[in-house]
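The block underneath contains the structure these notes are about, expressed in structure tokens.
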Amino acid sequence: MKLFSLILFIFIYSKANTQDSPHPVYKVIVETKQGNRFKGILVAVNDSSLFSFPGNWRELKRKKAYKPVQFSYSNILQMHLKRKGRIRRGMTTGGTAGGLLALKMNSGKKGNQNISYSTAIAVTGGTIAGGVMAAKFNDRIFINGNRNLFQHFAKNIGPYLK
């Protein structure tokens with residue numbers, strides 16, 4: 001039973017951490033030097049500019065006729081990136097960690113009712129904690145019109161957008 005539980009946890013964890021689609025995977029909030037904020041979906045990045053879709057995931061999937069917005073590195077003060085599906089992955093990771101913790105804590109016990117309660121509490125607590133932590137996590141990248149900082153960002157984010 002323990003081996004089956006471990007294999008099940010590993011299977012669920014691996015399925016949750018697979019990427020849904022290779023393109024696009026980030027929501028972006030761009031703050032310009034003029035003080036404007038733009039929310040959208042990161043579509044593409046080249047060495048000197050960022051392209052973002054001004055709608056949401058549903059509008060992008062339905063192929064609404066919005067034109068992508070281009071931001072030059074010289075106009076960008078900072079960006080906030082949020083990965084698509086981060087809450088689901090965080091909840092699955094937290095639930096898996098809680099389940100493995102419960103499996104370790106209950107390995108020598110004999111009472112079925114206590115094992116069920118502690119497992120339910122550990123998995124539920126881990127799921128909630130993982131979801132909350134993932135929801136609060138976002139990357140803030142300061143560019144401030146610096147070409148070198150933007151090119152470093154573009155080099156790191158480029159493989160996720162292809």
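The values are calculated or read from the model by the stated rules, or taken from the named source; none is laboratory data. All of these numbers come straight from a predicted model, not from anything done at the bench. Heads up, the Cβs are rebuilt from the backbone with ideal geometry, glycines too, and the neighbour counts pull from every protein chain shown. Please note that ligands, DNA and RNA were not included when accessible areas were found on the heavy atoms of the full protein model with its side chains. Shrake-Rupley method; radii C 1.70, N 1.55, O 1.52, S 1.80 Å.
Kindly list the number of the only condition in (1) open to solvent by 80 Å² or more (accessible area, probe 1.4 Å); (2) part of a helix (DSSP H, G or I); (3) within 30 Å of S49 (Cα to Cα); (4) modelled with pLDDT of 80 or more that fails for P159.
Answer for P159: the failing condition is (4).
Within the range 99-118, count every residue that is open to solvent by 50 Å² or more (accessible area, probe 1.4 Å) and either under 20 Å from Y26 (Cβ atoms) or without any contact (Cβ under 8 Å) to a residue 12 or more places away in the chain (or both).
Total meeting the criteria: 9.
Starting from residues that are β-branched (V, I, T) and at pLDDT below 75, keep the ones in the range 8-60 and report whichever is most open to solvent (accessible area, probe 1.4 Å). Even if it seems obvious, please write down each step before you answer.
In the first step, residues of the range 8-60 are kept if they are β-branched (V, I, T); the result is 10, 12, 18, 25, 28-30, 32, 41, 43, 45.
Subset that is at pLDDT below 75: 10, 12, 18.
Numbers: I10: 101, I12: 76, T18: 71 Å².
Here the answer is I10.
Output the residue which, of all residues in the range 119-137 that are surrounded by fewer than 16 Cβ atoms within 10 Å (Cβ to Cβ) and either of a type in the set (S, T, Y) or under 17 Å from V30 (Cα atoms) (or both), is nearest to the chain's Cα centre (by Cα).
So in the range 119-137, the residues surrounded by fewer than 16 Cβ atoms within 10 Å (Cβ to Cβ) come out as 120-121, 124, 128, 132-133, 135-137.
Filter once more, so that each one left must be either of a type in the set (S, T, Y) or under 17 Å from V30 (Cα atoms) (or both): 124, 137.
Working: T124: 20, F137: 8 Å.
The residue in question is F137.
What single numbered condition from (1) more than 27 Å from K39 (Cβ to Cβ); (2) open to solvent by 40 Å² or more (accessible area, probe 1.4 Å) fails to hold for T96?
Among (1) more than 27 Å from K39 (Cβ to Cβ); (2) open to solvent by 40 Å² or more (accessible area, probe 1.4 Å), T96 violates only (2).
Does S118 satisfy the criteria of being small (G, A, S), assigned to a helix (DSSP H, G or I) and at negative phi?
Numbers: small (G, A, S): yes; assigned to a helix (DSSP H, G or I): yes; at negative phi: yes.
For S118, the condition - small (G, A, S), assigned to a helix (DSSP H, G or I) and at negative phi - is met.
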